[in-house]
1. Tell me the carbon and sulfur percent of the accessible area for the chain, rounded to whole percent, probe radius 1.4 Å.
2. For region 1-135, with only Lys/Arg (+1) and Asp/Glu (-1) charged at the beta-carbon, what is the dipole magnitude about the Cα centre, in debye rounded to 20?
3. Using only the alpha-carbon atoms, how far is helix 36-47 inclined from the longest principal axis of the chain? Give it as 0 to 90 degrees, nearest 10.
4. Which of these values of percent of Cα pairs over 32 Å apart was calculated from the structure shown: [x] 23; [y] 47; [z] 32?
5. Could you work out how far helix 197-218 tilts from the main Cα principal axis of the chain, as a 0 to 90 degree angle to the nearest 10?
6. So if I place +1 on the C-beta of Lys and Arg and -1 on the C-beta of Asp and Glu, and nothing else carries charge, what would the dipole magnitude of the chain be about its Cα centre? I want it in debye, nearest 20.
7. What whole-number value in Å² describes the accessible area per residue of the chain for a 1.4 Å probe?
8. Once the Cα atoms of helix 278-296 and of the chain are each reduced to a long axis, what angle between those two axes, in degrees from 0 to 90 to the nearest 10, is obtained?
Amino acid sequence: MKVIVIGCGNVGMSYAYTLVNHPNRVSKLVLIDKNVEKAKGEALDLNHALPFSSSKMEIKAGDYSDCNDADLICICAGRNQEIGETRLDLINKNYVVFKDIITQINKTKFNGIYLVATNPVDVMSYITYKLSKNEKKVIGSGTTLDTARLKYLIGEKLKISSRNIHAYVLGEHGDSEMILWSKATIGVKYIDKFLNKDEMRKLEIEVRDSAYDIINKKGNTCYGIGVCLLRITNSIFNNENSILTLSVYDEENDIYISKPAIVNLDGVREIIEIDFNDEEKIKFKKSCDIIKSEINKIKY
């Protein structure tokens, strides 16, 4: 399988480094960046890790002609979220970047899957869909990372393996995200047997503000999303039909937003619609309205 990473910043290279260090089906990895020398340096550095890695792949810096036979393009290019900025503050800055990228890809024979990681990921996934015209093959990383953060925090609080915690963050990958508490379980028991309402509220705030906390301390988030992108990639290339909380096309609202989605080699096989309770319906609608409002502000 051939993967193209566009954007050799912190997120793109964390994803690339994770691909090198974890089992996967990627045999060719191509790095594309507007700073060509940086892409060449990153490729050389990754190649030097291969003798002690479990991966076997060809790694190089390339250009858009490499997209012709690619199976997946992961877009990580764009402006970083600065201290004090929300993800939504980045929209028009990153629209210009994406228009150039997708225009160049459209000149190739690429027929694979787009995996979008650039923030605000829901809006950028929508832009990718509009410019590439295939919603089934455009996937945003969505709230995969938020869900991982939630599982980690619950596991730490209760001293239970995060692998046995089945809880999901949906909606916007941003300040209006919501936790589907009504369907959350630990093992075979509903989560309200372990956490009270106040504890749930505190966890919700901690998950939501995790990115801001990390950005304030180190300037960016990269390792968590790097591993999440690997998880999504493996779900696709292994044809797993796994359920992940990805940013996918919501036809009713004409937006991209995170829902549980079944993904395989074809991209999004199916979106699982949720039976929300009344409170969750309100929260999810708020997320939809925020994303739609921001999409309408894009300066095309």
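The values are calculated or read from the model by the stated rules, or taken from the named source; none is laboratory data. Given the structure is predicted, the values throughout are model-derived calculations rather than measurements. Positions of Cβ are generated from backbone atoms using ideal geometry, with glycine treated the same way; all protein chains shown enter the neighbour counts. With ligands, DNA and RNA removed, areas are computed over all heavy atoms of the protein, side chains included. Shrake-Rupley method; radii C 1.70, N 1.55, O 1.52, S 1.80 Å.
1. Accessible surface attributable to carbon and sulfur in the chain totals 50 percent.
2. The calculated dipole for region 1-135 is roughly 300 debye.
3. Computed tilt is about 80 degrees.
4. [x]
5. Between the helix axis and the principal axis of the chain, the angle is about 30 degrees.
6. 480
7. Per-residue value: 48 Å².
8. The two axes meet at around 30 degrees.
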